[in-house]
Amino acid sequence: MATKDSSLPIARRSTWRDDCLELVCGIANAGGGRLILDADVDSRGVVKRKTNRIMKSIPSTVSQALDLTCAVELVLDGGQFCLEVVIPPAPEPLSYRGAFYFYQDGENRLMDGDALDRLLQPELEPDIKWEMRPVVQASLDDLNLGLVARFTGTSRDTDLTTARDEATAIEEDLRHAGLMTGVGTPTNAGILLLHDRPHQYIPGATVRIGFFGGRGGTPVFEDEICGSLIEQVHATVEALFDKYLPDPSSRNDPSSRNAPGFGMPPRDAVHEAILNAVAHKNYDSGTPVQVSVFTDRICIDNVGRPPRTWTASALLGRHTSRPNNPNLVAALRRLGVIDGWGNGIGSMRLQCIEAGAAEPVIELRDDETMVCFPLDTDSMLVSSIIDNGPLPSQRPARSEVPEVQVTARALAIQHNTSLTANDEKVLAMIDIDGRLTAPRIAKNLNISESTVRRSFRRLRELGLVERIGSDKSGFWQVR
């Protein structure tokens, strides 16, 4: 089982009973967590009918009773198979049959009196989300007209000082998108997206790049990227590849760039990582997105992280979109900058695999998210770190693997077999994109098509994947 956040509540019960809904309600009100249930499996490790029925019924039961979406997984816990109910945090206090519960210190408590008042009206809860707060020093006239026109679809040469009807329509459109208030002042999200210099109003609304060579501490040289959010992303990528990373054509052995895992990360993958960082950052922190370039890796670090119930391995697999700044992300989706389906990290992984580069490494901390792209150390700016000791000989190891691979390994153990490295790589690729063909996977992994097809058969026999549709027009679905 993947490592879990120890700060989240974990409750244990022998089986699912009616009072478990009270427990789910209490855990959700406590910020989310997990409920572990005993699983009934036979000597071969196959789930028995009763456990299978409970596993399938829990999500719908919780949804109907609490309007809450939870997931149920079969996991290994202390060498025993168990059912794990993953409970998300409640967006607002939940009640079950009119009663409010709160799970704390191993006890599910019924809330009443002062405790219930604190639950329903938390003192530290802001009245307005950060992205919706007004920037009273600015107005529509202070925004970049070209960016406004791109967002609203209006003419770039509209004179907002004279075309009052047009200006009113634009303000209404921006207000509905959460980029402007009803009194004509931009919101924080509007300033980020549509102003040329958002850092004048929002401290830390920039990207800092530093080259550290083979050491930490003070960077050898650095830059700060300003501008609207979209401009920051493009300018950061340009600066990285023009100034901070070497020209691949200068390599002594150009053919080695195609060796699996040893190429430079593709530009599109780095662009996606920086876009994710600026879109999901906690701007209340006042801290810029930081891009640190070392001899062996690029690290993109932002204050802000996905929901507490998510792990790095969950991010590496398929997941829904749960943005920290939903209005900002919705505006970026409207502009066609992102798709808003939670496919960003999967896209980065696939782009790196296809480019022969190492996959990105994800690290989640208490309030930060870091994405690291391993680099070929021979291609870095050796001259800048020549007096600082030898170059690192190894890339940073991945601390997490996708949850689908964790599940696959556990299932293989149940069947007294094992998965090859190629099996896991094939599974990872079709988990990202089920329409990938055997020839394309073989080319990207530098293995034969017959090896890929053997992996298909093995994964299908273990029940990990199934083919939907025909061989020609269908796709693989990870179960």
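The values are calculated or read from the model by the stated rules, or taken from the named source; none is laboratory data. Quick caveat, the model's predicted, so the values are computed rather than measured. When we count neighbours, we look across all protein chains shown, and the Cβ atoms used for this are built from the backbone with ideal geometry, even at glycine. Surface areas here come from the heavy atoms of the whole protein model, side chains and all, with no ligands, DNA or RNA. Shrake-Rupley method; radii C 1.70, N 1.55, O 1.52, S 1.80 Å.
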Could you tell me which of rounded, prolate or oblate describes the range 55-108, using a ≥ b ≥ c as the square roots of the eigenvalues of the alpha-carbon gyration tensor, with rounded for a/c under 1.5 and, failing that, prolate when a/b is larger than b/c and oblate otherwise? oblate
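Quick check: residue separation of R109 and E92 times 0.36 nm, minus the Cα distance between them. What number comes out in nm?
Going from the current span to full extension adds 4.4 nm.
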Note down the accessible area of H176, probe 1.4 Å, to the nearest 10 Å². 140 Å²
Modelled FRET efficiency - R0 60 Å, D19 with D433, Cβ distances, 0.05 increments: 0.90
Could you pull out every one of the lysines with an alpha carbon less than 29 Å from that of K443, ignoring same-chain neighbours closer than 8 positions? K425, K472
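I468 to D67: FRET efficiency via 1/(1 + (r/R0)^6), r the Cβ-Cβ distance, R0 25 Å, to the nearest 0.05? Walk me through the numbers before you get to the answer.
Numbers: r = 30 Å, r/R0 = 1.21.
Between I468 and D67 the formula returns 0.25.
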Amide H contacts under 5 Å for A39, restricted to residues at least 5 apart in sequence or on another chain and with H modeled in the peptide plane, are L83
In nm, the gap between the two label points placed 7 Å beyond Cα toward Cβ at L120 and R479 is 4.7 nm
For K56, give me every one of the lysines with a C-alpha distance below 22 angstrom, ignoring sequence neighbours fewer than eight places off in its own chain. K48
Would you kindly find the accessible area of W476, with a 1.4 Å probe and non-protein molecules such as ligands, DNA and RNA excluded, rounding to the nearest 10 Å²? 30 Å²
Please compute the length gained on full extension between R308 and H415, using 0.36 nm multiplied by the number of residues separating them and subtracting their Cα-Cα distance. 35.2 nm
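Over the Cα atoms of the range 22-114, what is the Rg over Rh ratio if Rh follows Kirkwood?
Values: Rg = 14.6 Å, Rh = 14.1 Å.
Rounded to two decimals, Rg over Rh is 1.03.
Just order 266-274, 365-373 by mean Cβ neighbour count inside 10 Å, highest at the front, would you?
Working: 266-274: 21.2, 365-373: 17.9.
Ranking the peptides 266-274, 365-373 by packing returns 266-274, 365-373.
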Pseudo-spin-label distance E354 to E449, built 7 Å along Cα→Cβ, given in nm, is 1.9 nm
Identify all lysines with a Cα-Cα distance to K281 below 18 Å; exclude those on the same chain that are fewer than 8 residues away in sequence. K129
At 1.4 Å probe size, what's the solvent-accessible area of K425? Round to the nearest 10 Å². 100 Å²
For the D141, V220 Cβ pair and Förster radius 45 Å, calculated FRET efficiency rounded to 0.05 is 0.60
What whole-number distance in Å separates the alpha-carbon centres of the range 436-479 and the range 57-82? 29 Å
Sorted by mean Cβ packing within 10 Å, highest first, what order do the peptides 282-294, 448-460 take? 282-294, 448-460
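Multiplying the sequence separation of K48 and R175 by 0.36 nm and subtracting their Cα-Cα distance, what value in nm do you get? Please report the intermediate quantities before stating the final value.
Values: separation 127, 0.36 × 127 = 45.72 nm, distance 5.40 nm.
Between K48 and R175, full extension yields 40.3 nm more.
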